[in-house]
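Since the structure comes first, as C-alpha coordinates, the remarks are kept for the end.
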Amino acid sequence: MKIVIYSKNNCHFCTKAKELLTKLGLEYTEKKMEEFSSVDAMLKDIGKKVKSMPQVKIGEQLVGGHNQLLEYFVEEGKINF
(Lines give C-alpha, C1' and ligand atoms only; values in the text may rest on other atoms or scores of the structure.)
Protein backbone atom coordinates (compact mmCIF):
# COMPACT_ATOMS: atom_id res chain seq x y z
CA MET A 1 0.00 0.00 0.00
CA LYS A 2 1.62 3.25 -1.15
CA ILE A 3 0.88 6.20 1.14
CA VAL A 4 1.80 9.80 0.34
CA ILE A 5 1.24 12.63 2.79
CA TYR A 6 1.30 16.20 1.53
CA SER A 7 2.26 18.46 4.41
CA LYS A 8 3.63 21.88 5.25
CA ASN A 9 5.91 23.27 7.93
CA ASN A 10 4.42 24.15 11.33
CA CYS A 11 1.20 22.23 10.67
CA HIS A 12 -0.26 20.59 13.78
CA PHE A 13 -2.63 18.31 11.86
CA CYS A 14 0.19 17.28 9.50
CA THR A 15 2.20 16.14 12.53
CA LYS A 16 -0.80 14.27 13.93
CA ALA A 17 -1.43 12.48 10.62
CA LYS A 18 2.22 11.39 10.38
CA GLU A 19 2.14 10.19 14.01
CA LEU A 20 -1.00 8.16 13.28
CA LEU A 21 0.59 6.46 10.27
CA THR A 22 3.72 5.72 12.29
CA LYS A 23 1.67 4.37 15.22
CA LEU A 24 -0.11 2.02 12.80
CA GLY A 25 3.28 0.83 11.53
CA LEU A 26 2.67 2.18 8.04
CA GLU A 27 5.41 3.60 5.87
CA TYR A 28 4.71 6.75 3.92
CA THR A 29 6.35 9.26 1.65
CA GLU A 30 6.13 12.89 2.70
CA LYS A 31 5.90 15.68 0.15
CA LYS A 32 6.23 19.12 1.71
CA MET A 33 4.47 22.12 0.21
CA GLU A 34 7.68 24.13 0.58
CA GLU A 35 9.54 21.73 -1.74
CA PHE A 36 7.23 22.37 -4.71
CA SER A 37 7.97 25.19 -7.16
CA SER A 38 4.46 26.59 -6.58
CA VAL A 39 1.17 25.80 -4.90
CA ASP A 40 -0.26 24.99 -8.34
CA ALA A 41 2.48 22.40 -8.88
CA MET A 42 1.59 20.75 -5.58
CA LEU A 43 -2.15 20.78 -6.41
CA LYS A 44 -1.40 19.17 -9.76
CA ASP A 45 0.58 16.45 -7.97
CA ILE A 46 -2.29 15.88 -5.52
CA GLY A 47 -4.75 15.73 -8.42
CA LYS A 48 -7.39 17.99 -6.90
CA LYS A 49 -7.73 21.55 -5.66
CA VAL A 50 -7.61 21.38 -1.88
CA LYS A 51 -7.58 24.14 0.68
CA SER A 52 -6.10 22.48 3.75
CA MET A 53 -3.16 20.40 4.87
CA PRO A 54 -2.33 17.62 5.27
CA GLN A 55 -3.67 15.70 2.32
CA VAL A 56 -3.15 11.94 2.31
CA LYS A 57 -3.25 9.61 -0.66
CA ILE A 58 -3.47 5.87 -0.16
CA GLY A 59 -2.80 4.19 -3.46
CA GLU A 60 -4.58 6.36 -6.00
CA GLN A 61 -7.32 7.40 -3.54
CA LEU A 62 -7.19 10.88 -2.04
CA VAL A 63 -8.36 10.24 1.52
CA GLY A 64 -8.14 13.86 2.67
CA GLY A 65 -6.87 15.42 5.87
CA HIS A 66 -6.20 14.14 9.36
CA ASN A 67 -9.86 13.65 10.33
CA GLN A 68 -10.65 11.83 7.09
CA LEU A 69 -7.58 9.65 7.66
CA LEU A 70 -8.94 8.67 11.07
CA GLU A 71 -12.32 7.84 9.51
CA TYR A 72 -10.61 5.80 6.79
CA PHE A 73 -8.80 3.61 9.32
CA VAL A 74 -11.90 3.23 11.52
CA GLU A 75 -13.80 1.96 8.47
CA GLU A 76 -10.91 -0.37 7.64
CA GLY A 77 -11.04 -1.75 11.18
CA LYS A 78 -7.51 -0.67 12.04
CA ILE A 79 -8.66 1.77 14.76
CA ASN A 80 -11.35 1.33 17.38
CA PHE A 81 -12.71 4.07 19.62
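Looking at the chain only, what percent of DSSP beta bridges run antiparallel? Nearest 5 please.
65 percent
Subtract the Cα-Cα distance of E30 and N9 from 0.36 nm times their separation in residues, and report this length gain in nm to one decimal.
Going from the current span to full extension adds 6.4 nm.
Work out how much length N80 to K49 would gain on full extension: take 0.36 nm times their residue separation and subtract the Cα-Cα distance, in nm to one decimal.
Using 0.36 nm per residue and subtracting the Cα-Cα distance, I get 8.1 nm.
Using the structure shown, list the pairs from K8/K44; K44/K78; K8/K51; K8/K78; K23/K51 with a Cα-Cα distance above 24 Å, or answer none.
K44/K78; K8/K78; K23/K51
Starting from the exponent 0.38 and prefactor 2.2 Å, build the expected Rg for the chain from its residue count and divide its actual Cα Rg by it.
My calculation over the Cα atoms of the chain gives 1.04.
With every protein chain present, what is the per residue accessible area of the range 3-68 (1.4 Å probe, Å²)?
63 Å²
Counting only protein heavy atoms and a 1.4 Å probe, tell me what percentage of the chain's accessible area is made up of carbon and sulfur.
After summing per-atom areas, the C and S share lands at 46 percent.
Rank L24, L62, L70 by mean-square fluctuation in a GNM of the chain with C-alpha springs under 10 angstrom and give only the top-ranked residue.
L24
The values are calculated or read from the model by the stated rules, or taken from the named source; none is laboratory data. Since this is a predicted model, take the numbers as computed values, not measurements. Ligands, DNA and RNA are stripped out before the accessible areas are found, and what is left, the full protein with its side chains, is counted by its heavy atoms. Shrake-Rupley method; radii C 1.70, N 1.55, O 1.52, S 1.80 Å.
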